[in-house]
Amino acid sequence: MFIQGETFDDLLRQGIELILHQGERIRPTKGPARELVGASLALSNPRARFSRTEARSVLYSALGETLWYLSGSDRFDDIEYYIPHYRERCGVPADVQVSEAAYGPRIAVQMPYIIQAIRKNDTRNAVLAIYREDDHHNRYDTPCTCSLQFLPRSGKLHAVAQMRSNDLYMGMAHDIFAFTMIQEILARTAKLELGSYTHHVGSFHLYESDEQRAARYLESGVADTVPMDPMPVKDPATDLEWLMQAERAIRIGQDAPSPDGVNNYWQDLASLLEAKREQHNKARLIEIRAGMHSHAFGTFLQDAIGRA
């Protein structure tokens, strides 16, 4: 099965329609689901990486999870600020503090090699392995992602994700956002343009508990297609480090570090993190929306203001 679209919403809509009409009923450990075996999704504009509809606006949690990966953290407390009950969703007891399946430590240790590899044009060796042999012995959870491969070709960096399993309605929004962000960060690090993104899935599924929400999503209509702005054309290491510091400060209730010299692109992402913290403060959300440099998040923030 092959799905192609310009935006994440294009892929999500087609995926839901196919699974609802053609998916086979299965009963995995996390609950009844419909499944398609062997799916490939191609996102032609990886910057159109988050849903534009209110029903699937998970921008806060998707950005938070991406930064959790990039920080190298494996602590549940860090991610449960963005995704409450993360442990419970993974079948992990409440007293367990670290995730045996966390992507962050695996990404952090391999990133220097990946950066070096993608600076060699036409390499096929820039494979970031997430799933490991010892994951067969995990007590609670197993990574859904097998690998991310990055292919520098003709001045662009393409990315291919290999997923052993992907929850269409809940999980894919976070995965595609995070992986295309990592793709663009690596592209800028290697002075390359952003190429295509391909998402291969073994078990592509929709849980029975999400079927009604997925159907309502289809009924919500087609959203606008404003993508995120291009990442600044320079090595993002310094600005990304500032954003990581800002994320931690905002998460624990402190002021973000001074943004002097930090590109507006990264400042806007920090503003989104502040908007998450202030999600019940309508006046502050209005100020944050007015101070945004990019128009990409306007609809999302307007919806957040409406919910505050």
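The values are calculated or read from the model by the stated rules, or taken from the named source; none is laboratory data. Fair warning: this is a prediction, and the values are worked out from it, not measured in the lab. Here Cβ is always computed from backbone atoms with ideal geometry, including for glycine, and neighbour counts include all displayed protein chains.
Taken over the stretch 162-217, residues that are assigned to a strand (DSSP E or B) and under 19 Å from Y86 (Cβ atoms) amount to 5. Filtered by the rule that a residue be surrounded by fewer than 22 Cβ atoms within 10 Å (Cβ to Cβ), touching a residue at least 24 places away in the same chain (Cβ under 8 Å) and touching a helix residue (DSSP H, G or I) at 6+ places or on another chain (Cβ under 9 Å), the stretch 17-33 gives E17, L20, K30, G31, P32. Within the set A249, A237, the sole residue that is surrounded by 13 or more Cβ atoms within 10 Å (Cβ to Cβ), free of Cβ contacts under 8 Å to residues at least 60 places away in the same chain and aliphatic (A, V, I, L, M) turns out to be A249. Within the span defined as the stretch 225-238, one or more residues are under 18 Å from the mean Cα position of the chain (by Cα), assigned to a loop (DSSP other than H, G, I, E, B) and of a type in the set (V, I, T).
All conditions but one from (1) closer than 30 Å to T7 by Cβ; (2) free of Cβ contacts under 8 Å to residues at least 40 places away in the same chain; (3) part of a helix (DSSP H, G or I) apply to E65; the one that does not is (2).
Of all the listed residues (Q254, Q279), the sole one being exposed (fewer than 13 other Cβ atoms within 10 Å of the Cβ), assigned to a loop (DSSP other than H, G, I, E, B), out of contact with any strand residue (DSSP E or B) (no Cβ under 9 Å at 6 or more places or on another chain) and outside the structural domain of L151 (by TED's automatic domain parsing) is Q254. Would you be able to say whether some residue in the stretch 223-234 is in contact with a Pro (Cβ under 6 Å, 6 or more places away or on another chain) and assigned by TED's automatic domain parsing to the domain that holds F8? Scanning the stretch 223-234 turns up no residue that is in contact with a Pro (Cβ under 6 Å, 6 or more places away or on another chain) and assigned by TED's automatic domain parsing to the domain that holds F8. Scanning the stretch 1-16 for residues that are over 22 Å from R89 (Cα atoms) and touching a residue at least 60 places away in the same chain (Cβ under 8 Å) yields M1, E6, T7, F8, D9, L11, R13, G15. Applying the set (1) surrounded by 19 or more Cβ atoms within 10 Å (Cβ to Cβ); (2) among the basic types (K, R); (3) modelled with pLDDT under 95 to R216 leaves exactly one unmet item: (1). Filtering the stretch 234-247 to residues that are more than 10 Å from I185 (Cα to Cα) and either touching an Asp or Glu at 6+ places or on another chain (Cβ under 9 Å) or not charged (D, E, K, R) (or both) leaves T238, W242, L243, M244, Q245, A246.
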